[in-house]
1. Just checking, does the stretch 393-413 include any residue being open to solvent by 10 Å² or more (accessible area, probe 1.4 Å), touching an Asp or Glu at 6+ places or on another chain (Cβ under 9 Å) and farther than 16 Å from D321 by Cα?
2. Among (1) closer than 20 Å to S414 by Cβ; (2) of a type in the set (A, V, I, L, M, F, W, C); (3) surrounded by 18 or more Cβ atoms within 10 Å (Cβ to Cβ), which single condition is A357 missing?
3. Of D397, D363, D333, which residue is without any contact (Cβ under 8 Å) to a residue 24 or more places away in the chain and among the acidic types (D, E)?
4. Go through the stretch 59-95 and give me each residue that's closer than 20 Å to R140 by Cβ and at pLDDT below 95.
5. Mind counting the residues in the stretch 57-76 that are over 17 Å from W18 (Cα atoms) and touching a residue at least 24 places away in the same chain (Cβ under 8 Å)?
6. What number of residues within the stretch 131-147 satisfy the criterion of being open to solvent by 10 Å² or more (accessible area, probe 1.4 Å) and in a loop (DSSP other than H, G, I, E, B)?
7. Of the residues G208, G191, only one is touching a helix residue (DSSP H, G or I) at 6+ places or on another chain (Cβ under 7 Å), assigned to a loop (DSSP other than H, G, I, E, B) and not hydroxyl-bearing (S, T, Y); which?
8. Take A420 and decide whether it is over 26 Å from G332 (Cβ atoms) and surrounded by fewer than 21 Cβ atoms within 10 Å (Cβ to Cβ).
Amino acid sequence: HLFYQYNPDGADWGNISWGHASSTDLVLWREEPVAINRTDSTLIFSGGVVIDSLGSSGVCRGPRCLIAIYTAAHVETKAQSQSLAFSEDGGASWSQFPANPVLDIGLTEFRDPYVFWHAPTEAWVMVVALATEHVVQIYRSSNLREWTLASEFGPRGATGGVWECPVLLELPVENAPGTSRWMLKIDMNPGHIAGGSGAQYFVGAFDGQRFNAPVEFPAQWVDFGPDFYCAQPWTRGTHATWIAWMSNWQYAGQTPTAPWRGSMTIPRTLALREVGGSPRLVQRTVASLERFRGRKQRFTFSRTHIRDVTPLSGFASGDGDAYELRVHIEPGDAHEVGVLLRYSEAQHVLVSYDVDAGTIAIDRRPVPTHDFHPAFRTRYAAALKSAAPITFRLIVDRSSVELFADDGATVLTSLMFPHASSNGLALFSKGGAVDSVSVEAWPLQTPR
C-alpha cells in the first residue's frame, strides 16, 4: 500500500488528504479511493502506517489491522499535532481514532511522524521533526496512543531550510556480512546541494532510546539530483525499500503537466556500504522492475572518436517512452563522454561523465521548454566514488530520469519535459578517442 499527499479537488497544493494506491510488485499500481480525507478544520499531512498485529493499540488486531500515524494540521490555529486513524480491513476503509490527537506539544512546526516497532526493547518508536528548530525528536510508546519523549537529535548537518519527514532505519552493511547499522534520513526545504528541497542522512547506532551518529561520519546526501524528496519505506527487519515524491518545492506548482501534477520515483531497495572508511547509502531499483524489460538492444563503440553527437540508429524505446539503459565507459583519451536522452536536433537531456573532474551529471539546459521556472533549466553533478572505467544505469520515463552510479552509491533523480517528438538516443565525447562505450537498452513495458 502506498499513501501519499493528495488534493482530491485539483492539481495544486490544497485540501491535503491521503491518496492511496496498491500494488503486488511495486511497479504496477492501482489507484484506490482516498484513504483519509481532510475535514473543514484539519488537513492530513505526512506520516506512516504500521501493522498492529498484536492489538497493542486496543483498536483492532491481526494482519489486517493497520494504524496510520499522521500530522493533523489545524486550519484555524495552524497548530500541528500527531493523530491516529485505523483500518480493520487491510486498508480498504479508514476511521479516525476518537481520542485524537495522541501527541500535541503546542507547536505549529511539529510534523511528519515515522513509527516502527523496536523489537529489542519491545516498544513502538516515533521519530518526528521540530521543523524550524532542525531537531528530530524520538518518542516511545507501548500502545501507539501514549507517547513519552526519549531523546532528541540535532541540529546537525544541513540546516538551510525546515526539516521534514525523518525516517530511522536499521540497514545491512553489504560488504560486512552479518552486520547492520542505523540510518537517520532527514529532508529539508530549501538547503539541498542541488537547490531547493532534498534529503540528507546520518549513520550511527540506535538503542531504542537515542540515535548516536559519530561526528567523524558527517551528513551525506541521499540523492544528488533535484527531484527526490520525503522518501518513505516499507520495512521488514533490516530489509527496506522506499519510494519518494519526484519533484522539488522550487517549481512543484509550475511543472507543465496536465491533468496530473506530481509523481513518484521507482521504488529502491536500501543497504549501507563501507566506502573509504565511511558508511554510505546504497540504492537500487526493485528487482521486480526487470520483469518489465522488453527485448535487449546493444550498441558498442571501440577505440573511436565519437562525433559531437552520434545518434544510435535503430534504438526503440517501446511503449510510453520508458526504457532502461546500462552504460559502460572506458574513456581512453576523452575528457567527457555521455548520452543524450530524449534526443532530437532541437533538444535533449544530457547525462555526462567528466573524466578530469571525476563527476557524473544530468544537464536539463538543452531543452528550450524548460524555461517555465529559472531553477529548472540547470545542470546537476555528483562526485563519483570510483575511477574509470565506469558503469551506470538509467531509468528513463516520459518525464523523468533516475541515474544509478557506483553500484547505487551515487544517485541523481531529475524530472524532464522535452517535446513528445524527441524520442532518440545519442552518444557524444570530447577531447580525444574513446577506448570503449557500450550501451545496453531495454524498453520497459507491461508484460503481455
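The values are calculated or read from the model by the stated rules, or taken from the named source; none is laboratory data. Just so it is clear, the model here is predicted, and its values are computed rather than measured. Glycine gets a Cβ as well: all are built from the backbone with ideal geometry, and neighbour counts include every protein chain shown. Side chains are part of the model used for accessible areas, which takes the heavy atoms of the whole protein and leaves out ligands, DNA and RNA. Shrake-Rupley method; radii C 1.70, N 1.55, O 1.52, S 1.80 Å.
1. Yes, the stretch 393-413 contains at least one residue that is open to solvent by 10 Å² or more (accessible area, probe 1.4 Å), touching an Asp or Glu at 6+ places or on another chain (Cβ under 9 Å) and farther than 16 Å from D321 by Cα.
2. A357 satisfies every listed condition except (3).
3. D363
4. Once the filter is applied, which keeps residues that are closer than 20 Å to R140 by Cβ and at pLDDT below 95, the stretch 59-95 yields only V59.
5. Matching residues across the stretch 57-76 total 7.
6. 6
7. On the way: G191 fails: touching a helix residue (DSSP H, G or I) at 6+ places or on another chain (Cβ under 7 Å).
Only one candidate passes the filter, namely G208.
8. Answer is yes for this residue.
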